[in-house]
Amino acid sequence: MAKKEPTELSVEEKLKTLFQLQTTLSGIDDKRAIRGELPFEVQEMEDEIQGLTTRVEKIEAEIKDFEYAVKQKKGEIGDAQASVERYKKQIEEVANNREYDTLSKEIEFQELEIELCNKKIKEALQKIEERKGDLERNRHLIEERQKDLEQKKEELDEIMSETKEEEAKL
């Protein structure tokens with residue numbers, strides 16, 4: 001049967017065509033409704049994993065910064081200890097009280113520097129341990145989310161494969 005121009009269709013034919021179109025669109029909507037919120041859930045989970053990954057990278061960078069600070073403070077302690085030893089040798093050869101007082105104050109200052117560096121090292125090591133705990137928790141959370149994501153993707157793929165042929169037909 002040759003296709004007629006839309007203006008040549010009778011009211012009955014127009015209604016039948018409209019009914020078929022509505023039935024087809026309803027079928028497509030039904031197939032998409034089967035998917036539900038799954039595509040959005042998958043996208044949200046991927047975004048959450050990306051955010052967690054970024055957080056892990058930031059924590060790793062902070063740990064490296066703290067480790068560098070510890071290394072730097074240990075170097076400062078070594079310098080201060082060398083200065084203390086040098087000042088102690090010089091104090092044995094002083095000629096007057098003023099030199100003795102100056103060297104004593106320098107020794108005291110360097111010892112305070114050593115104490116301060118040790119304190120900062122302890123604080124940095126404590127922060128490193130805290131950050132390692134955060135890092136472990138976030139890595140564990142990423143693994144859990146990754147497993148959930150895989151499961152949701154499998155569900156979505158399964159639903160998509162089931163409805164794909166029917167959608168294409170419609």
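Check whether at least one residue in the stretch 113-127 is open to solvent by 70 Å² or more (accessible area, probe 1.4 Å) and in contact (Cβ under 8 Å) with a residue 60 or more places away in the chain, and report yes or no.
Yes, the conditions are met somewhere in the stretch 113-127.
Of the residues Glu154, Glu106, Glu93, Glu76, which single one is open to solvent by 80 Å² or more (accessible area, probe 1.4 Å) and in a helix (DSSP H, G or I)? Before the answer, list the steps.
Details: Glu106 fails: open to solvent by 80 Å² or more (accessible area, probe 1.4 Å); Glu93 fails: in a helix (DSSP H, G or I); Glu76 fails: open to solvent by 80 Å² or more (accessible area, probe 1.4 Å).
When all the criteria are applied, what remains is Glu154.
Can you find, within the stretch 128-143, the residue that is farthest from the chain's Cα centre (by Cα) among those that are open to solvent by 80 Å² or more (accessible area, probe 1.4 Å) and touching a residue at least 12 places away in the same chain (Cβ under 8 Å)? Let's see the steps before the verdict.
Pass one, the stretch 128-143, residues open to solvent by 80 Å² or more (accessible area, probe 1.4 Å): 129-130, 132, 136-137, 139-140, 143.
Within this subset, residues satisfying the condition of being touching a residue at least 12 places away in the same chain (Cβ under 8 Å) are 132, 139.
Working: Lys132: 14, Arg139: 9 Å.
So the residue we want is Lys132.
Look through Ala61, Ala69 and report the one residue that is under 32 Å from the mean Cα position of the chain (by Cα), in contact (Cβ under 8 Å) with a residue 24 or more places away in the chain and under 30 Å from Glu129 (Cβ atoms).
Ala69
Can you go through Glu166, Glu136, Glu144 and tell me which one is of a type in the set (D, E, K, R) and modelled with pLDDT under 90?
Glu166
Criterion first (open to solvent by 100 Å² or more (accessible area, probe 1.4 Å), over 26 Å from Glu48 (Cβ atoms) and assigned to a helix (DSSP H, G or I)) does Lys64 satisfy it? Can you show your working first?
On the way: open to solvent by 100 Å² or more (accessible area, probe 1.4 Å): yes; over 26 Å from Glu48 (Cβ atoms): no; assigned to a helix (DSSP H, G or I): yes.
Answer is no for this residue.
The values are calculated or read from the model by the stated rules, or taken from the named source; none is laboratory data. Not measured: the values here are computed from a predicted model. All Cβ positions, even for glycine, are placed from backbone atoms using ideal geometry, and neighbour counts span all protein chains on display. Note: accessible area is taken over every heavy atom of the protein model, side chains too, but ligands, DNA and RNA are not part of it. Shrake-Rupley method; radii C 1.70, N 1.55, O 1.52, S 1.80 Å.
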